[in-house]
Amino acid sequence: MRLGIDVGGTFTDFVLLDDATGDIKTYKCLTTPRDPSDAIEAGLRGLAEAVPDHLSRLEEIIHGTTLVINAILERKGARTGLITTQGFRDVLELGREVRYAPYDVFAQFPEPLVPRQRRLEVAERLRADGSVLQALDETAARETVRALKALAVESVAVCLLNSFENPAHELVLKRLLAEEFPGASVSISYEVLPQIREFERTSTTVTNAYVKPLTEKYLRALYQRLAGLGFRGQLFIMLSSGGVTSAETAAEFPVRIIESGPTAAVIAGQHYSRLFNVPEMFCFDMGGTTAKSCLIRAGVAGIVPTFEVGRVQRFLKGSGLTIQVPVVDLMEIGAGGGSLARISRVGTLQVGPDSAGADPGPICYGRGGVEPTVTDADLLLGYLDPDYFLGGAMPLDAAAARRGIEQRVAEPLGVSYLQAVWGIHELINATMAAAAKTHIAERGGNPRVVTIAAFGGAGPVHAYGLARLLGAPRLVVPPNAGVGSAVGFFTAPRAFDLVRSHKAPVLSADFAEIEKLFQAMEAEGERTLRKAGATGPIAFSRSVDARFVGQGSETNLPIDPGDFTTLSPAAVRRQFDDIYTQHYGRTYPEAPVEFVSFRTRASLPVRLLELPRLPKLAGGAQRAIKGERPAYSAPARGFIPFTVYDRYQLPPDAAFAGPAIVEERESTVIVGEAARATVDEFGFLWIELADREKPA
C-alpha cells in the first residue's frame, strides 16, 4: 500500500492506494495551521476506520507540504546569517536593480531574510572562469565565523562570487563552520545551486538556510509521529519540479519543496494527458485558498528555472523573493472556495485574493467566519448540498451564509441578494478566465482547443463556468478530483534534478570536458537516489541552457542521453536556432552562441498508477439519479431544476445531458444546460460543451 498526503491551506487530503488491487480510499479533513501533523494524524485515524491495518501495511507515504512556503510568508524561519565575498554584502537588496512598478513611488520590496548586520564578508576573489584572483585567508575567515557565532545565528548561508566554477573557498568555510560552530545548520551555494547569476544564487541559498532547521525538525517529528502510529515504511516528499525525493534530501534542500503540494495535480494531469492522448490539456486545480493551473502540451508540463515567493504585491512579478530552482510552470491566483467577497475601496465587488482558510473558514462552515466567501455563494446558488459536504461529515449552514452575503455584499452595493450571490460566483470565474487566457497564450496554446481537467474541492464546481468563458470545447473531471493532488503523488517519478553552470562557446567548447561534467552530475544524482533506498536502473535525461553571447536569458535545449562527445558543435547550433525560432519567430545565424548551464535529471521508472475500471452495471445514468434540486442557471437568470447524480453509482458508458449536478464526497461537478456528459470505463466524467455555450 501507498499513501498520499497533501496539506493545503484549507484541507488536508489523503489517498490510500492498494497497488495489488488498484483500490483507492480517500479522506479529507480541515488543515491545522499551527501544527500540520495534527491534521495528518486525524486523517490517518479516519482512514483506519475503513482500512484498520493500513499503517502497518504501508510501503511508503508521499507527502506534499506547505510548511516551507508558509515559513517564508510568515517569517517564521531560523535566525540566519550570510557569509559572502567582500563587496557583495548588499546583493540581496540590490537584486537586479529593476523596479517592478516603475511609476509607483511607494513600491516596496520584501525585507531580506537576513538583515544587514548578520551578513558578513570574507576577503577572497575568484575570476569568472573559477581561477583564484585572491586566495581565502583562513585565519581571517575563522574570525568571521566566530563573529557570526557571536550574533547567535541558528543557520548559515555561504555564497561566494563565482563559486559555481570553483567551490574550493566555500568548502573551506564549510569546514571552518563545522570546527568553530558545530551547532549551526549550514547551506553552501555550490551544493544548493551551483549556477550562474549572483543575486539568484545568493537569494536561493539564503532561503534554503532560512527554512532548513524548521524543515529538518518538522520531518523528523512527523516521521516519529508516524512511527508511533505503526508506520514502518519510507517517507517521501514531493519536489517543486514534479519529482519525488526522500525526506532526508528534502530536509537538506528544503528550498526545492516550496511548491511541493500544488505541483502534484499538474503531474496527475500530465499522466492523464498521455493516457487519453489529449494533445492540449489545461490543468485547473481550485482548492479552498487558491486556484492553480498549468498548460500541458503533448503530455508535458513546462518546467521553469525561477519563481518568486512572498510577493509584496501578490500577483505582480518582481515584488517577491527570487528562488532559482526547477519548478512546474504554474499559474496561481487568489481564487479558492475560501476567497473573501468584499466591497473594494471604489465601491465595487471584489473577490479574493485574501482567503478565510481553514480557520475560521467560510461562514457556512459554522466555525466563526463572518466574511462571505465563494463557497458560501456556491452553496446558496444550489451547487452544493448542505447535507452532503464531505459526504455529510461536515454540514453547512446556508442561513448564516445568506445573512452574511446580504449584510456585507448585497446591502452595501444596493443590489438584490441573488445578484450578489451570482456576482461572487461569476466574478471569480471571470478572474480565473482572464488569467488563464494570458497563461495559455503566453505558452503558445489556444483556449478554444484545450481540454480542461478539473481538480480540487472547488475545481469541478467552477470548471464548467471557466470553460464557458474560455470557449473551451470540453472538460474532464477524474474520479476523486477533490483530492486530485494527493492522487497525483502516485504518478510522479522518484527523481532529482541537478544543474551546473559553465560558460563556453558552442563552436569551440571542449565536449569531452562537458561529458565529464554530465557524468559527475549523474553520479551525484544516482548517489542521492540510492541514499533514499532506490533499487533498480536509474535513467538520466540531459539538457543545456544556451544563449547568444551577451544575451540576458537562456534557451533550454534537450540533449539525447549518451556520450556528449558524439554530438557535433554544428548540430547543437542548428538545434539552438530551430528552438529559438519556435519561441521568438526568428534567429540570428551570424551571432555566436555560448553554453551557460548544463542540466540532468536522475529518475527511477514511474510506478504507473493502474486505474481501476468501473464494474458493469445495468440501468445507465438513470440508476445514479438522487433526485432534483433548484440551482442557478445563467441563461435562465434564475433557479431551475438540476438533476442530481451519485457519482459512485454511474456505470461506464453512462450518458446524460445538463443541467445536472454530480456529487461525490470531496467535490461536486456542475454540468450546464446545453452540455452533455459521458462516463468512461475508468469513471472519468467527460463533458462536451455545446457551441452556443461558448462566447462569440
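For region 212-220, the condition of being among the aromatic types (Phe, Trp, Tyr), assigned to a helix (DSSP H, G or I) and within 21 Å of GLN324 (Cβ to Cβ) holds for none of the residues. Being part of a helix (DSSP H, G or I) and either among the β-branched types (Val, Ile, Thr) or closer than 17 Å to ALA157 by Cα (or both) is the filter here, so list the residues in region 72-89 that pass it. Selection gives ILE72 alone.
Under the condition of being among the polar types (S, T, N, Q) and surrounded by 15 or more Cβ atoms within 10 Å (Cβ to Cβ), which residue from region 287-320 is modelled with the highest pLDDT? Walk me through how you get there before you give the answer.
Quick first cut of region 287-320, residues among the polar types (S, T, N, Q) only: 289-290, 293, 306, 313, 319.
Imposing the further condition that a residue be surrounded by 15 or more Cβ atoms within 10 Å (Cβ to Cβ) reduces the set to 289-290, 293, 319.
On the way: THR289: 80, THR290: 80, SER293: 90, SER319: 82.
Ranking the candidates gives SER293 first.
Of the helices (runs of 4 or more DSSP H) lying entirely inside region 356-444, those carrying at least 2 residues that are within 27 Å of the chain's Cα centre (by Cα) and not assigned by TED's automatic domain parsing to the domain that holds GLY457 are 374-380, 417-442.
Applying the condition of being touching a helix residue (DSSP H, G or I) at 6+ places or on another chain (Cβ under 7 Å) and without any contact (Cβ under 8 Å) to a residue 24 or more places away in the chain to region 370-393 and asking which residue is surrounded by the most Cβ atoms within 10 Å (Cβ to Cβ) yields LEU379. Within region 110-127, restricting attention to residues that are touching a Leu at 6+ places or on another chain (Cβ under 9 Å) and over 14 Å from ARG89 (Cβ atoms), the residue that is surrounded by the most Cβ atoms within 10 Å (Cβ to Cβ) is LEU126. Restricting region 155-178 to residues that are at pLDDT 95 or above and among the charged types (D, E, K, R) leaves a set whose member that is farthest from SER203 (Cα to Cα) is ARG175. Within region 90-106, the residues that satisfy the criterion of being in a loop (DSSP other than H, G, I, E, B) and closer than 17 Å to THR322 by Cα are ASP90, GLY95, ARG96, GLU97, VAL98, ARG99, TYR100, ALA101.
Can you name the residue in region 330-369 that is among the aliphatic types (A, V, I, L, M) and more than 16 Å from LEU413 (Cβ to Cβ) and, of all such residues, is surrounded by the fewest Cβ atoms within 10 Å (Cβ to Cβ)? I'd like the intermediate steps shown before the answer.
Applying the first criterion (among the aliphatic types (A, V, I, L, M)) to region 330-369 yields 330-331, 333, 335, 340-341, 343, 346, 349, 351, 356, 358, 363.
Okay, now just the ones that are also more than 16 Å from LEU413 (Cβ to Cβ), so 330-331, 333, 335, 356, 358, 363.
Values: LEU330: 22, MET331: 20, ILE333: 22, ALA335: 26, ALA356: 29, ALA358: 22, ILE363: 28.
Only one residue fits best here, namely MET331.
If the condition is being within 18 Å of MET394 (Cα to Cα), of a type in the set (Val, Ile, Thr) and modelled with pLDDT of 85 or more, then region 1-30 contributes THR12, THR26. Screening ALA227 on (1) modelled with pLDDT under 95; (2) closer than 25 Å to LEU321 by Cα; (3) of a type in the set (A, V, I, L, M, F, W, C) shows it passes everything except condition (2). Screening LEU611 on (1) surrounded by 13 or more Cβ atoms within 10 Å (Cβ to Cβ); (2) over 26 Å from GLY457 (Cβ atoms); (3) modelled with pLDDT under 95 shows it passes everything except condition (2).
Can you say whether GLY525 is under 26 Å from the mean Cα position of the chain (by Cα) and within 26 Å of SER633 (Cβ to Cβ), as far as the supplied structure shows?
Details: under 26 Å from the mean Cα position of the chain (by Cα): yes; within 26 Å of SER633 (Cβ to Cβ): no.
No, not satisfied.
Considering every residue within region 455-464, establish whether at least one is out of contact with any helix residue (DSSP H, G or I) (no Cβ under 8 Å at 6 or more places or on another chain), at positive phi and assigned to a loop (DSSP other than H, G, I, E, B). Don't jump to the end; show me each part of the working.
Our first condition is that a residue be out of contact with any helix residue (DSSP H, G or I) (no Cβ under 8 Å at 6 or more places or on another chain); within region 455-464, this holds for 463-464.
Retained after the next criterion (residues that are at positive phi): none.
There is no residue in region 455-464 that is out of contact with any helix residue (DSSP H, G or I) (no Cβ under 8 Å at 6 or more places or on another chain), at positive phi and assigned to a loop (DSSP other than H, G, I, E, B).
Within region 431-456, restricting attention to residues that are out of contact with any strand residue (DSSP E or B) (no Cβ under 8 Å at 6 or more places or on another chain) and surrounded by 14 or more Cβ atoms within 10 Å (Cβ to Cβ), the residue that is nearest to GLY369 (Cα to Cα) is ALA433. For region 200-213, the condition holds for no residue, the condition being that it is closer than 23 Å to ALA492 by Cα and within 20 Å of the chain's Cα centre (by Cα). Number of residues in region 110-121 that are part of a loop (DSSP other than H, G, I, E, B) and touching a strand residue (DSSP E or B) at 6+ places or on another chain (Cβ under 9 Å) equals 4. Part of a strand (DSSP E or B), over 30 Å from ARG530 (Cβ atoms), β-branched (Val, Ile, Thr) and out of contact with any helix residue (DSSP H, G or I) (no Cβ under 9 Å at 6 or more places or on another chain), is that true of ILE640? Considered against the rule, which asks whether it is part of a strand (DSSP E or B), over 30 Å from ARG530 (Cβ atoms), β-branched (Val, Ile, Thr) and out of contact with any helix residue (DSSP H, G or I) (no Cβ under 9 Å at 6 or more places or on another chain), ILE640 comes out as yes. Taking (1) closer than 30 Å to ILE62 by Cβ; (2) surrounded by fewer than 14 Cβ atoms within 10 Å (Cβ to Cβ); (3) over 29 Å from the mean Cα position of the chain (by Cα) in turn, PRO558 satisfies each apart from (3). Looking across region 223-274 at every residue that is among the polar types (S, T, N, Q), assigned to a strand (DSSP E or B) and within 19 Å of ASP497 (Cα to Cα), the one that is nearest to the chain's Cα centre (by Cα) is identified as THR245.
Within region 582-599, can one find any residue that is among the polar types (S, T, N, Q), assigned to a loop (DSSP other than H, G, I, E, B) and free of Cβ contacts under 8 Å to residues at least 12 places away in the same chain? Yes, that holds for at least one residue.
The values are calculated or read from the model by the stated rules, or taken from the named source; none is laboratory data. Given the structure is predicted, the values throughout are model-derived calculations rather than measurements. Methodologically, a virtual Cβ is constructed for each residue, glycine included, from the backbone with ideal geometry; neighbour enumeration extends over all protein chains shown.
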